[in-house]
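Please treat every number below as a calculation from the coordinates, not as lab data. On a predicted model such as this, the values are computed, not experimentally measured, just so you know. Virtual Cβ from ideal backbone geometry, glycine too; neighbours counted across all protein chains shown.
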Amino acid sequence: MFLQLTLGGLSQGAIYALVALSLTVVYRSTTVVNFGHGDFVMAGAFISYVLVVIAGVAFLPAAVLAVLAMFVLGVLFSRGLIRRVRGGPHIGLALMCIAAGYVLRGIARMVWGREVLPMPRVFDIEPIFIGNLVITGDAVFIIGTVLVLLLTLFGLLAFTDLGKMVQAVYQSPRGARLIGLNVELFDDFSWGVGAALGAIGGILIAPVSLLHPDLGASFLIKGFAAMTLGGFGAPFGAVLGGLILGVAEQYAGAYIDTSLIEITAYLVIVLVLFLRPQGLFGRKAVVKV
Amino acid sequence: MKRLKTVLACAVLAASAVTAQAQSQDWETEGLSDDAITIGVMGPFSGNAASYSKALIGMMAYYDKINDEGGIYGRKLVAVQEDTACDSAKGIAAAKKLLSQDKVFMLQGNSCSGVALAMRPIIEDSGVPWIVAHAVSDSISDPLAKNIFHGVPTGSANGRAMAAFVLSKPDTKKVAIIEHSNDWAHSYSDPARAYLEEHGVTPTEELTMERGETDATAQVLRLRQDKPDFIIAALYEAETAIFLRDLKKYGLGDIPVMGTAGTDLENTMKRTGDFDTVKNYYVIHSYIDNLDGPKMKPWADMIHKYYPDEQLSTFSFVSIGSAEALVAALKAVGPDLTRSKLIDALNQVHDFDTGILSDPITWTPEDHQGVKGSAVAGFVDGKPTVLKAWGQPY
């Protein structure tokens, strides 16, 4: 049972990690927490649904198109809406994100109502039984995809000039501006990447779960919890936080009580903020006077 | 002088009594004319839960059928619709409007239990007869209100029917329950649990799966250790599909699962994507036949006669049975109709076979929850089949 729970937890946790990472990408470059991000996850899943089920496009090209569409949406959201309220109070930015999320959810509700939609399975293969351990195609696909994606992303951040530029903008937008970086463009790009990564999370979970307009809400909370656990602004921490949260949910549900599964994320948020507010890999906020 | 005062006082009292009697007589026949009986029909005709209003469309189609046949003693059944949008505040406003402004003779309808519960105090105070035609919460009609009659199986009737079906499978000893932690799920699971206990069966595993959960691994692994003979699942549509998928994924697809009336076989199969996942899934089914079966066809034709564009669903038929009972009671009263007489006649409805609901309607002065059971639908030889008990077609 332990191994099975760990595998199931890692599979779920990989999605949380992706959502947390996409929130972190935006937060690192803009210091904005996207409270509407769950609906970006949902929108990505619905775009792929439309392409696969209605337009008859194969899953892989449909997924690529959906991710591109969400990237463009993220960039447009940043240029068209966020930039205009950037100088104002932070609450304005938060409300703008929530409003955008609700607009996306409203559109989905208008089209599909409260209908629960099935997405065809990507790897509809028979599970492999090794003793009591069941390895499903879904789990392999989700963990494998997220692993490749994370390695690519962290490789880009660690070993390329692009990564250095991202770090420069995160550490000091003003300094980055002084050395000639177009910070506004970086912001737009971050919103685009954040939306695209969130969309990948939605696309991966859609065949395993079912689609409905409120799908994103729970992923937003899980993403926040993972982000809090890993440390705000720490990409590696967000990923690790997501994986730990996924596994913790399974252990809590199986070994203590299944009603704990749903509240594990909230417990994590409370405990981390109480015991180690900077999370596992975040930096302690220091105010110099 | 003293005598004069006494006489005057008596005259005033007599006049008041006459006025009160006249007012009472007016109240008794309010909303009634020589050619019409006005019936307030409340329901979610708009909003997210608008699909539930199909129940009221079916019911109004039945009114139309009765009207085409000449009505009841020359009176047509005239529906006055009010939209609740499945929202308690709007529901209360709708009930007040129907009672105070439209002054309908009686009420029939309402699909959302929360809204019906919010309306209950106003309607109970008014004394106007109300037949609850779709909402299932027991609290709408229990404790008893003399003017409120429940015309569909309540949550407890369904919950007990679920447990009865589970125990009708030979050698069922170990039963597990998985449910949401909300009132809706408890309205099924609590009576089911009580029924099991009455029959000496204590659930061996009680699990929670919350709304929005996208994975049931932990729950299924606990079930794998427990090895139940039957699982009762009080879960909404999406979670039911996820649970059944995970059950099959971890090799437990052969354990039968009993679901609520909130899901149906056809749509659950659509959501899970294959027959193998739902082959052992059973659901509460309030009708005598499959929705596309020959016994339901006349009702489907009736709805389409009056509402040609109506898309039929499982909700479309649920309120017709109580409309039939109403018509029977109105006929029993005779042409000299009053609200009190109608309430008395409804209390006399006994073992009324609707020809559509799987169980008869019985109302007594002590018990207004009229439908005490439900059939079950499951796949037999790959086809959705209505069952009385395990292996017994209806």
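This model, with +1 at the C-beta of Lys and Arg and -1 at the C-beta of Asp and Glu, gives the protein assembly as shown a dipole about its Cα centre of some 2440 debye. Label-to-label distance, A:Leu147 versus A:Glu126, with points set 7 angstrom from Cα along the beta-carbon direction: 2.4 nm. Assign one of three labels to the stretch A:80-154, namely rounded, prolate or oblate, based on the Cα gyration tensor with a ≥ b ≥ c the square roots of its eigenvalues; rounded applies when a/c is under 1.5, prolate when it is not and a/b is larger than b/c, and oblate otherwise. It comes out oblate by the Cα gyration axes. Our coupling estimate for the stretch A:44-55, obtained by passing each phi through the Karplus curve with A = 6.51, B = -1.76, C = 1.60 and θ = phi - 60°, is x, 5, 5, 4, 5, 4, 4, 5, 6, 7, 8, 8 Hz, Gly and Pro reported as x. Remark: for residue pairs B:Lys90/B:Lys372; B:Lys169/B:Lys279; B:Lys96/B:Lys341; B:Lys174/B:Lys227; B:Lys76/B:Lys103; B:Lys54/B:Lys96, the C-alpha separation exceeds 19 Å in B:Lys90/B:Lys372; B:Lys96/B:Lys341; B:Lys54/B:Lys96.
Residues whose amide H falls under 5 Å from that of B:Ile288, counting only those 5 or more places apart or on a different chain, are B:Ser358, with hydrogens built in the peptide plane.
Across the cross-link table entries B:Lys297/B:Lys331; A:Lys222/B:Lys173; B:Lys146/B:Lys305, which are compared at the Cα atoms, the separations over 28 Å belong to A:Lys222/B:Lys173; B:Lys146/B:Lys305. Farthest towards the positive end of the charge dipole of chain B, among the residues B:Phe379, B:Met119, B:Ile303, is the Cα of B:Met119, using unit charges on the Cβ of Lys, Arg, Asp and Glu. Residues whose amide H falls under 5 Å from that of B:Leu207, counting only those 5 or more places apart or on a different chain, are B:Ile177, B:Ile178, B:Glu179, with hydrogens built in the peptide plane. In units of the rule-of-thumb radius 2.2 N^0.38 Å, the protein assembly as shown shows an alpha carbon radius of gyration of 1.14.
Just from its helices, what would the mean residue ellipticity at 222 nm be for chain A, if runs of 4 or more DSSP H residues each count -39500 (n - 2.57) and the sum is divided by every residue, rounded to the nearest 500 deg cm²/dmol? It would help to have the intermediate numbers written out before the result.
On the way: 11 runs with 195 residues, N = 289.
That calculation yields -23000 deg cm²/dmol at 222 nm.
A simple rule links phi to the HN-Hα coupling: the Karplus curve 6.51 cos²θ - 1.76 cosθ + 1.60 with θ = phi - 60°, which for the stretch A:21-37 gives 5, 5, 5, 5, 4, 5, 5, 4, 8, 10, 6, 9, 8, 7, 6, x, 5 Hz, with x for Gly and Pro.
If R0 equals 30 Å, the separation of the Cβ atoms of A:Val53 and B:Asp254 corresponds to a calculated FRET efficiency of about 0.50.
3J(HN,Hα) along the stretch B:272-288, derived from phi through the Karplus expression 6.51 cos²θ - 1.76 cosθ + 1.60 where θ = phi - 60°, amounts to 7, x, 8, 5, 4, 6, 10, 4, 10, 9, 10, 9, 5, 9, 7, 10, 7 Hz, with x in place of Gly and Pro. Each of A:Phe219, A:Phe40 was scored by other Cβ atoms within 10 Å of its Cβ. Listed from fewest to most, they are A:Phe219, A:Phe40.
When Rg and the Kirkwood radius Rh are both evaluated on Cα atoms of the stretch B:328-394, their ratio Rg/Rh stands at 1.19.
Per-residue extension of 0.36 nm, minus the Cα-Cα distance of B:Ser139 and B:Glu197, leaves a gain of 18.6 nm for this segment.
The shape of the stretch A:154-289 comes out oblate: with a ≥ b ≥ c from the C-alpha gyration tensor, a/c is at least 1.5 while a/b does not beat b/c. Against chain A, whose longest principal axis is taken from its Cα atoms, helix A:235-251 shows a tilt of about 30°. Once backbone amide H atoms are built at 1.01 Å from N, B:Gly212 has no partners under 5 Å, excluding neighbours fewer than 5 places away on the same chain.
Show me B:51-60, B:182-191 ranked by packing, highest mean number of other Cβ atoms within 10 Å first.
Values: B:51-60: 24.5, B:182-191: 20.0.
Ranking the peptides B:51-60, B:182-191 by packing returns B:51-60, B:182-191.
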